[in-house]
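Structure, as structure tokens:
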Amino acid sequence: MAAAESMPELAMKPPRLGHPNLGLGVGLRTVHFSHILRAQPEVDWFEIISENFIDSQGRPRYVLEQIAERYRVVMHGVSMSIGSTDPLDFEYLAKLKRLAGEINAHWISDHLCWTGVAGRNSHDLLPIPFNEETLRHAVERIRIVQDFLERPLVLENPSSYVTFADSTMTEWEFLTRMAEDADCGLLLDVNNVYVSSVNHDFDPHEFVESVPHHRVVQVHLAGHTNCGTHLIDTHDGEVIDPVWELYRKAHRLTGGVSTLLEWDASIPPFEVVHHEVLKAKRHMSEQLETTEAVPRPATPRETAVPHPLHFVAPEVE
């Protein structure tokens, strides 16, 4: 674990695993397809849900190809199941690799979790225990995946709702050792950090301070639902102040990395989603120029999209 005194030095290292800072991006969702094609908004980049496009053709693939011609794109998956005991799905990995080449994706990311077992996919991001056995298992699978994809894998910290009795280390200790041993990148979801910190009663700032900042390739922002006794990562609504505070710290410690806003339930018009991620400019360190707040559009929400999170199947028109 990095000592506090060494954090500024880590933040000054070259771009993470060769990946550039793409700026401020938005998750690509089907309800915004027509607006994006028509208005060509000034967005730095888009993140796609890999599973929504690896087997799709027709309008979804047409829209993606049009967007990939105009914008930088990264791929974010929910089915790699790095933590599962099932064999790796090389047919799925081949589809990821092929799509990444076709749209010139800057990187491929997924989650530190398992999504299924015995050949069944739960379509949920299920937690893993943080111990030596699980660490060895995850590192071995990450190395295999990276060799197959011929590129570094970027893994996200998911939100969690249970604590394993046989965990022997903190999540940030696990992530640190995993990233260094497997030589992979990290996607730091600061909303997930906050959600898990409330659910498990740990200090979210210690989490952000302790991960290896030179391996953080990307940051996720999102809203969540407060259920009183616990929080749920619903990606619904605006980012709250404590999460912005974590983002400010992450931005300072990493030196600034690609930042993306996720909004997956009750999705509002594109301008509202874009406006929310642009708020990140207010929270960036003083090394960047201060920009004025973008006026928020007073427009109603367009539609509601049900869970599971991330997985929003493309519409075929």
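The values are calculated or read from the model by the stated rules, or taken from the named source; none is laboratory data. Quick caveat, the model's predicted, so the values are computed rather than measured. So basically every Cβ, Gly included, is an ideal-geometry build from the backbone, and we count neighbours across all protein chains shown.
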Worksheet item: Scanning for something within 30 Å of residue 42 (Cβ to Cβ) and either in contact with a His (Cβ under 7 Å, 6 or more places away or on another chain) or at pLDDT 95 or above (or both), does the stretch 126-134 turn up at least one residue?
Response: no
Worksheet item: Taking the stretch 183-206 as the region of interest, how many residues are among the hydrophobic types (A, V, I, L, M, F, W, C), outside any loop (DSSP other than H, G, I, E, B) and surrounded by fewer than 23 Cβ atoms within 10 Å (Cβ to Cβ)?
Response: 1
Item to complete: Enumerate the pairs (first residue in the stretch 243-265 and without any contact (Cβ under 8 Å) to a residue 40 or more places away in the chain and within 14 Å of residue 205 (Cβ to Cβ); second residue anywhere and of a type in the set (Ser, Thr, Tyr) and surrounded by fewer than 19 Cβ atoms within 10 Å (Cβ to Cβ)) with beta-carbon separation below 7 Å, excluding pairs fewer than 6 apart on the same chain, so at least 6 apart or on different chains.
Response: 251/285
Practice prompt. Take the stretch 145-158 and flag every residue that is surrounded by 14 or more Cβ atoms within 10 Å (Cβ to Cβ) and more than 17 Å from residue 216 (Cα to Cα).
Written response: 145, 148, 149
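Residue check: is residue 43 of a type in the set (A, V, I, L, M, F, W, C), in a strand (DSSP E or B), touching a residue at least 60 places away in the same chain (Cβ under 8 Å) and more than 30 Å from residue 169 (Cα to Cα)?
Taking the combined requirement at face value, the residue does not satisfy it.
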Worksheet, complete the sentence: With criteria (1) outside any loop (DSSP other than H, G, I, E, B); (2) under 22 Å from the mean Cα position of the chain (by Cα), residue 128 comes up short on (1)
Discussion item. Among (1) crowded, with 21+ Cβ neighbours inside 10 Å; (2) in contact with a Phe, Trp or Tyr (Cβ under 7 Å, 6 or more places away or on another chain); (3) farther than 19 Å from residue 251 by Cα, there is one condition residue 167 misses while meeting the rest; what is its number?
Written reply: (1)
Item to complete: Find all pairs meeting these conditions: Cβ atoms under 9 angstrom apart; at least six residues apart or on different chains; first residue within the stretch 52-79 and closer than 14 Å to residue 109 by Cβ and in contact (Cβ under 8 Å) with a residue 60 or more places away in the chain; second residue of a type in the set (D, E, K, R) and in a helix (DSSP H, G or I).
Response: 78/51
Discussion item. I'd like the residue in the stretch 228-242 that is surrounded by 16 or more Cβ atoms within 10 Å (Cβ to Cβ) and of a type in the set (D, E, K, R) and, out of all such residues, is nearest to residue 201 (Cα to Cα).
Written reply: 233
